[in-house]
1. Given the conditions (1) farther than 18 Å from G53 by Cα; (2) surrounded by fewer than 20 Cβ atoms within 10 Å (Cβ to Cβ), report the number of the one that P130 does not fulfil.
2. Can you report the number of residues in region 65-79 which are under 11 Å from L215 (Cβ atoms), aliphatic (A, V, I, L, M) and surrounded by fewer than 24 Cβ atoms within 10 Å (Cβ to Cβ)?
3. Go through (1) among the polar types (S, T, N, Q); (2) closer than 30 Å to N220 by Cβ; (3) assigned by TED's automatic domain parsing to the domain that holds K189 and name the single condition Q164 misses.
4. Tally the residues that are in contact (Cβ under 8 Å) with a residue 40 or more places away in the chain and hydrophobic (A, V, I, L, M, F, W, C), restricting the search to region 33-87.
5. Can Y78 be described as among the hydroxyl-bearing types (S, T, Y) and touching a strand residue (DSSP E or B) at 6+ places or on another chain (Cβ under 7 Å)?
6. Hey, among the residues in region 200-235 that are closer than 21 Å to T42 by Cβ and under 14 Å from the mean Cα position of the chain (by Cα), which one's surrounded by the most Cβ atoms within 10 Å (Cβ to Cβ)?
7. Could you please give the count of residues in region 192-247 that are hydroxyl-bearing (S, T, Y) and not in a helix (DSSP H, G or I)?
8. If we scan region 222-231, do we find a residue that is within 30 Å of I116 (Cα to Cα) and touching a strand residue (DSSP E or B) at 6+ places or on another chain (Cβ under 9 Å)?
Amino acid sequence: MKKLLILFLVFNVSLLAETITIAVAANVSYAIDELKREFLKTHPTTEVRIALGSSGKLTAQIKNGAPYGLFMSANMKYSEFLYQHNIAITEPVVYAQGTLALLSNKKRDLSKGVMILSDAKIKRIAIANPKTAPYGIAAKEALTKAGIYLSLKKKFVYGESISQTLSYTVTATDIGVIAKSALYSPRMKKFKGGEHWISLKTSLYKPIKQGVVLLKKSGNIKEYKEFYDFILSEKAREIFKKYGYII
């Protein structure tokens, strides 16, 4: 009898459960698990599925009918595009502001700041593709403002997203321009500030304002609106701050 009761309860909970699918820019991949855990504390019957990728590619997927009900973009450009084309049903709102860092997989003298990239010992530099990744746009802008972009182009190894750029940074290049949020991932603890990484001066690039929108595919599913509200809540802001974002 007890087993039947447990099965009955499990069956009824599964009927009540709602699955939502969220498109998330790659730079948020380091924070999204903690954000999900916090959301599920108050929404235990909701299943949250995450689709990660570069904002450019996710936008193309959404435009072509991908089943995402909410989009957390790496900048406002893509969210605004979807809103202007009536694919998003809410105006873009900034949920966090991303920042850049330089990361080396071995200790270096980083006292030169961004100018270390011009060092002859630096042969390969990982950078996100400016054509598909907002963090790539910001990296290009920073290096251009520093006056070294053109001279470094032959050294670049492009990642299609900022997460792929991080992978190249720690496995295939001498140094990389990454999302600072990646440094707060548990697996990055071995890299020390001032020895392996430094923040890039925010004066070198425009603020990376990241936008969230509800999409038409969210329909009348209230859990999408609940997740949207959570992302803009004080609790979510605390988590974003923990991962190096500016709020």
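1. (1)
2. 1
3. (2) is the only condition that Q164 fails.
4. 13
5. Numbers: among the hydroxyl-bearing types (S, T, Y): yes; touching a strand residue (DSSP E or B) at 6+ places or on another chain (Cβ under 7 Å): no.
No: the conditions fail for Y78.
6. Filtering region 200-235 down to residues closer than 21 Å to T42 by Cβ leaves 212, 214, 218, 220-235.
Remaining after also requiring under 14 Å from the mean Cα position of the chain (by Cα): 212, 231.
On the way: V212: 24, I231: 22.
Checking each candidate, the answer is V212.
7. Step one: filter region 192-247 for residues hydroxyl-bearing (S, T, Y), giving 199, 202-203, 205, 218, 224, 228, 233, 243, 245.
Next cut, not in a helix (DSSP H, G or I) only: 199, 205, 233, 243, 245.
Summing the residues that are hydroxyl-bearing (S, T, Y) and not in a helix (DSSP H, G or I) in region 192-247 gives 5.
8. So the first thing to find is which residues in region 222-231 are within 30 Å of I116 (Cα to Cα), and the list is none.
No.
The values are calculated or read from the model by the stated rules, or taken from the named source; none is laboratory data. The model shown is predicted, which means the values in this text are computed figures rather than measured ones. Heads up, the Cβs are rebuilt from the backbone with ideal geometry, glycines too, and the neighbour counts pull from every protein chain shown.
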